[in-house]
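Visitor: This is the structure I have questions about; it appears just below.
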Amino acid sequence: GGGGGADTDGTSGSVGAGGGGGAGGACIERFTAAEIGASQTVTIGAAGTAGAATGTNGGAGGNTTFGILHTATGGALGTGSGNSAVDFTISAGGNGGVPTGGTVNITGGDGSSALGGGVDGTTDLSFAQGGQGGASFWGGGGRGGAVANATLATDSTQAGNAGKAYGSGGGGGANINATAGVAGGAGPVGVAGQDR
C-alpha cells in the first residue's frame with residue numbers, strides 16, 4: 001500500500017493535511033504445474049513509507065509478483081502538504097495499483113484527498129482532514145488525521161494511521177497552527193498465497 005502524505009512544520013495561522021495512500025492491486029489465478037515450470041520467483045511488495053513530519057509525500061507501495069506470470073501493482077503515494085495561511089488546502093490521494101496478468105485482476109482503492117481551510121483565523125472554524133488510505137482486496141486503509149478549532153490560535157495535530165490490511169493505503173496527517181509537522185501513516189506490505 002502507498003504511504004499517506006504528511007504536513008510540514010506549521011506557522012501561526014496555518015492549516016495543512018496530507019492525502020491518503022492508494023492501495024495495491026490483487027491478482028487471482030490458478031496455474032497448472034506445467035504453467036509454473038521448474039520454479040517462479042515470488043517477490044513481496046514493500047510497504048509504502050509514511051510521509052515525514054516535514055511535509056513530504058508518502059512512499060509508493062512496491063509490486064508483488066509471481067515470476068513473470070502476474071504482477072499485483074503497489075498503490076501510489078499520498079501527497080504531502082505545505083501550510084496554507086488561513087486559506088483552503090487540498091492534497092491529492094494516491095491512485096490504487098492496477099494489477100496485470102491474473103485471471104481476476106482487482107484494482108486497489110484510491111486514497112482520498114485531504115482538505116483543510118479557515119476564514120480569518122480568529123473567530124471562525126478552521127479544520128484539516130487528512131485523506132483516508134485506499135482499501136485493498138484484503139481490507140481497509142488507515143484513517144486520516146482530523147482536527148478542528150474555533151480559532152487558529154490553538155495548536156492541533158493528528159498523525160495519519162497505518163493501513164489495516166495487506167496492501168492497503170496509509171492515512172494522511174492533519175495540522176492546524178502547530179509549529180511541528182505531523183506524519184502520515186505507512187502502507188502495509190503485500191502478500192502472496194497459494195492453494196495446494
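Visitor: I need the calculated FRET efficiency for the pair residue 146 and residue 98, taking r as the beta carbon distance and R₀ as 22 Å, to the nearest 0.05. Please report the intermediate quantities before stating the final value.
Guide: Working: r = 29 Å, r/R0 = 1.33.
Computed FRET efficiency for residue 146 and residue 98 comes out at 0.15.
Visitor: Next question, about the same structure. Solvent-accessible area of residue 36, probe 1.4 Å, all protein chains present, reported in Å² to the nearest ten, please.
Guide: Residue 36 exposes around 50 Å² with every protein chain in place.
Visitor: Same structure, new question: Out of these labelled values of mean projected area of the Cα convex hull in nm², (1) 13.2; (2) 11.2; (3) 9.5, which was calculated from the coordinates shown here?
Guide: The listed entry that was calculated here is (3).
Visitor: Once phi is turned into ³J(HN,Hα) by the Karplus curve 6.51 cos²θ - 1.76 cosθ + 1.60 with θ = phi - 60°, what whole-Hz value does each residue of the range 50-61 show in order, with x for glycine and proline?
Guide: 6, x, 6, 6, 9, x, 6, 5, x, x, 6, x
Visitor: Calculate what fraction, in whole %, of the accessible area of the range 22-178 sits on carbon and sulfur atoms when a 1.4 Å probe is rolled over the protein chains. Walk me through the numbers before you get to the answer.
Guide: Values: 3960 of 7020 Å².
Its accessible area is 56 percent carbon and sulfur atoms.
Visitor: Next question, about the same structure. Could you sort 71-81, 155-165 so that the peptide with the highest average Cβ count within 10 Å comes first and the rest follow in order? Mind dumping the intermediate values first?
Guide: On the way: 71-81: 33.0, 155-165: 25.0.
Packing proxy ranking, top to bottom: 71-81, 155-165.
The values are calculated or read from the model by the stated rules, or taken from the named source; none is laboratory data. Just so it is clear, the model here is predicted, and its values are computed rather than measured. Using ideal geometry, Cβ is built from the backbone for each residue, glycine included, and neighbour counts are taken over all protein chains shown. All accessible areas refer to the heavy atoms of the entire protein, side chains included, with ligands and DNA or RNA removed. Shrake-Rupley method; radii C 1.70, N 1.55, O 1.52, S 1.80 Å.
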